[in-house]
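Chemist: Handing you this structure, nothing more for now.
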Amino acid sequence: MNGTTYLIQKLSEGLQKIGVHETADLTIGLERPKIESHGDLATNVAMLLASRLRRNPREIATELVNALELDPKLVSQVDVAGAGFINFKFGIGYYQDALQNILQRKDQFGSDTWGNGERVQFEFVSANPTGPLNIVSARAAAVGDVLANLFAATGFSVEREYYVNDAGRQIRLLGKSVSSRYMVLLGHDEPFPDEGYHGAYIHDLAQQFLDEHGDRFAKLTQDERCNELAKLTLETILASQKAVLDDYGLHYDNWFRESTLRDANSHFTILDTLTQKGHVYDEDGARWFRSSKFGDEKDRVLVTKEGEPTYFLVDIAYHADKYERGFAQLYDLWGPDHHGYIQRVKAALLALGYRDGAFEVNIIQQVNLLQDGEMVKMSKRAGKIIEMKELLEEVGKDVARFFFVARRTQSPLDFDLDLAKNTSEENPVYYVQYAHARICNIIKHAEERGVAFPESARLELLDKKEEIDLIKKLLEFPDLVSKAARYLEPHRVPNYLQELAAVFHRFYHHHKVVTDNLDLTGARMHLIHGTRIVLANALRLLGVSAPERM
RNA sequence: GCGCUCGUAGCUCAGUUGGAUAGAGCAACGGACUUCUAAUCCGUAGGUCGCAGGUUCGAAUCCUGCCGGGCGUACCA
């Protein structure tokens, strides 16, 4: 039994009895007071009623409390306090039931079904296949994966998608860049394109292709060579991106290629639709979308005066395609340099008649990489790039994921590489993992002493402050998961884990689990086993491992 | 100029979507290993929640205006 639902039901009955009828503008809210002495849950419903009934809130609260019929084993104390708060304190029976519930639900504890199987898609990272994934992609990858996990845990049917920009101008540039390097290696002089990709990896790829294919490409026309090399480069880079994400424990359900839209002429179909709806006009030789009619600050070009479809036009087709695939809700995670782009895509989807709000964009702020106390600027074009692969080699996936998710996505993140490298001490990841390992060790130690994990336990023996605090913290988990999902705030999970680990470590230092008192030992083993379950469930949401020993 | 975003302890950040007396971790200082792992724990100190108004029973949170930092403001992707 969930304490909040129980009390809301009882409060609702109580309101009926004192003659107050619930309306849409009156919701019974319960929250956990910051100050422990104020109880376990509090409601402000009397204060909300005060202005409506034109009565003193404390008076209403007192009347309501008198009308409540609560089970004294579950709720041990009810007070009217402050300006008119009603404070509730749970009884020991409540905690016994709750802990029992955690042990029964095991890895399902914290999961919910309110998403009702609704299909939701997360599209994230989607880096251009023109170079290795960088450290910003690593942040987006962690955040997106955890958000998807959170939605899955709250009952949604989630798909992870990666959009591969495998067509258009940039791919042509990529082909020309590699082709130039390749030809130079063979002693020919082929000029490097103006806005080409300068990274060292371009040179390395040219060398690799030379080793694998010899001078075969040199015999083609330049156009053919650029084309062939573009394809080969694209697939090679894509494969290495996949490999890095794989090491990160991130697996996409779908790799969607831009070329499938272009091959099917989907973007021109969309252009026709928009034109028929009267949202397109010609000016200065280009073809424009009247996005200012749909909340964008100005109109946008769909087809350039050279007749080239813009990235934007193809992107509209892409997002329309997602809707057509049957998703009820779309979430995109974009980089900070794209935030000016959100409104125009939303405008286009509105113009096409899709439901307002069904497409949301979450901006993942930049990562400032600090090295030797200085900020390293990252730019693919300039070739200075800190690769995600390097980061994983330095700090490992557990530390990287935890750190990236631990901050609000809309805040820029300073990543001190020097600090990250020597994370073996003072690291919150290890602090949390250590709590898990410690529990596993205690259970193992108990078994070595011949104390098997008991089927049932006298949980009423758990009445010490540190024990109750621990159970309370465990019980916060389901609500935490649903709020982290609902508000798209994955950083709540690492924060919660640190708090939970702290409460557990405190309990550990105050009380021994394995003692001569078999009943107490059994009860505490149930308690720490419940703790282990919640630690493991939360770590699983993060994609961070839960080691059994450290 | 316009748009988005951030501003909370020396540093890095939380703050349960408007609740009661502002919270952690680092860093500083002082303690705790004969113990189920000290990768831990206990304690001390640290604040004009950028500034000023407003909304109401009540504001770090919502509104307005300033100040300061970041990003964006392409017929690039």
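Chemist: Highest first, please rank the peptides A:276-287, A:295-306 by the mean number of other Cβ atoms sitting within 10 Å of their residues.
Modeler: Per-residue mean Cβ counts within 10 Å order the peptides as A:295-306, A:276-287.
Chemist: In a shell of Cβ-Cβ distance under 10 Å around A:Glu161, excluding A:Glu161 itself, what net charge do Lys and Arg (+1) and Asp and Glu (-1) give?
Modeler: -1
Chemist: On to the next question. Could you give the size of the charge dipole of chain A about its Cα centre, using +1 on the Cβ of each K and R and -1 on the Cβ of each D and E, expressed in debye and rounded to the nearest 20?
Modeler: For chain A, the charge dipole is close to 1140 debye.
Chemist: Order the peptides A:331-341, A:522-532, A:85-95 from the highest to the lowest mean number of other Cβ atoms within 10 Å of their residues.
Modeler: Output ranking for A:331-341, A:522-532, A:85-95: A:522-532, A:85-95, A:331-341.
Chemist: To the nearest 20 debye, what charge dipole does the range A:3-90 have about its Cα centre, counting +1 at the Cβ of each Lys and Arg and -1 at the Cβ of each Asp and Glu?
Modeler: Charge dipole of the range A:3-90: 160 debye, to the nearest 20.
Chemist: Sticking with this one: Can you list the aspartates and glutamates whose alpha carbon sits under 13 Å from that of A:Lys465, skipping same-chain ones fewer than 8 residues off?
Modeler: Straight-line reach from A:Lys465, under 13 Å: A:Glu36.
Chemist: Next up: Below 21 Å, Cα to Cα, which lysines can A:Lys176 reach? Residues fewer than 8 away in the same chain don't count.
Modeler: Here the lysines satisfying the reach criterion relative to A:Lys176 are A:Lys219, A:Lys231, A:Lys380, A:Lys384.
Chemist: Now, a different point. Remind me, relative contact order of the range A:86-161 in percent, using alpha carbon pairs under 8 angstrom and six or more residues apart?
Modeler: Value for the range A:86-161: 42 percent.
Chemist: Could I ask something else about it? Checking the table A:Lys73/A:Lys472; A:Lys106/A:Lys512; A:Lys17/A:Lys89 against a 18 Å threshold on Cα-Cα, which pairs fail?
Modeler: Violating the 18 Å Cα-Cα cut-off are A:Lys106/A:Lys512; A:Lys17/A:Lys89.
Chemist: What does the net charge come to around A:His279 if you take all other residues with beta carbon closer than 9 Å to its beta carbon, with K and R at +1 and D and E at -1?
Modeler: +3
Chemist: Using only the alpha-carbon atoms of chain A as identical scatterers, what base-10 log of I(q)/I(0) does the Debye formula give at q = 0.08, 0.12 Å⁻¹?
Modeler: -0.70, -1.20
Chemist: Go through A:62-72, A:121-131, A:403-413, A:313-323 and give me the packing order, highest mean Cβ count within 10 Å leading.
Modeler: Final packing ranking: A:121-131, A:313-323, A:403-413, A:62-72.
Chemist: Once the Cα atoms of the range A:169-247 are picked out, what are the Rg and Dmax in Å?
Modeler: My reading of the Cα-based Rg and Dmax gives 12.2, 39 Å.
Chemist: Give the relative contact order (percent, whole number) for chain A; include only Cα pairs under 8 Å separated by 6+ residues.
Modeler: Here the relative contact order equals 15 percent.
Chemist: Another one. Just to confirm my numbers, what's the Cα centroid distance between the range A:34-65 and the range A:483-523 in Å?
Modeler: So the two Cα centres are separated by 31 Å.
Chemist: Evaluate the distance, in nm, between pseudo-label points positioned 7 Å from the Cα of A:His251 and of A:Glu59 along their respective Cα→Cβ axes.
Modeler: Output for this residue pair reads 6.4 nm.
Chemist: Could you give P(r) for the range A:437-526, binned at 5 Å from zero, as whole percent values over all Cα-Cα pairs?
Modeler: Reading upward from the zero bin: 2, 13, 21, 20, 18, 11, 8, 5, 2, 0.
Chemist: Write down the percent of antiparallel bridges among all DSSP beta bridges whose residues are both part of chain A, to the nearest 5.
Modeler: Here the antiparallel bridges make up roughly 50 percent for chain A.
Chemist: How big is the convex hull of the Cα atoms of the range A:1-68, per residue, in Å³?
Modeler: 98
Chemist: Please state the relative contact order of the range A:169-247 as a whole percent: Cα pairs under 8 Å, 6+ residues apart?
Modeler: Once divided by the residue count of the range A:169-247, the mean separation gives 39 percent.
The numbers here are math on the coordinates, done by the rules we state, and not lab data. Quick caveat: nothing in here was measured; it's all calculated off a predicted structure. In this analysis, Cβ positions are derived from the backbone assuming ideal geometry, glycine residues included, and neighbour counts consider all displayed protein chains.
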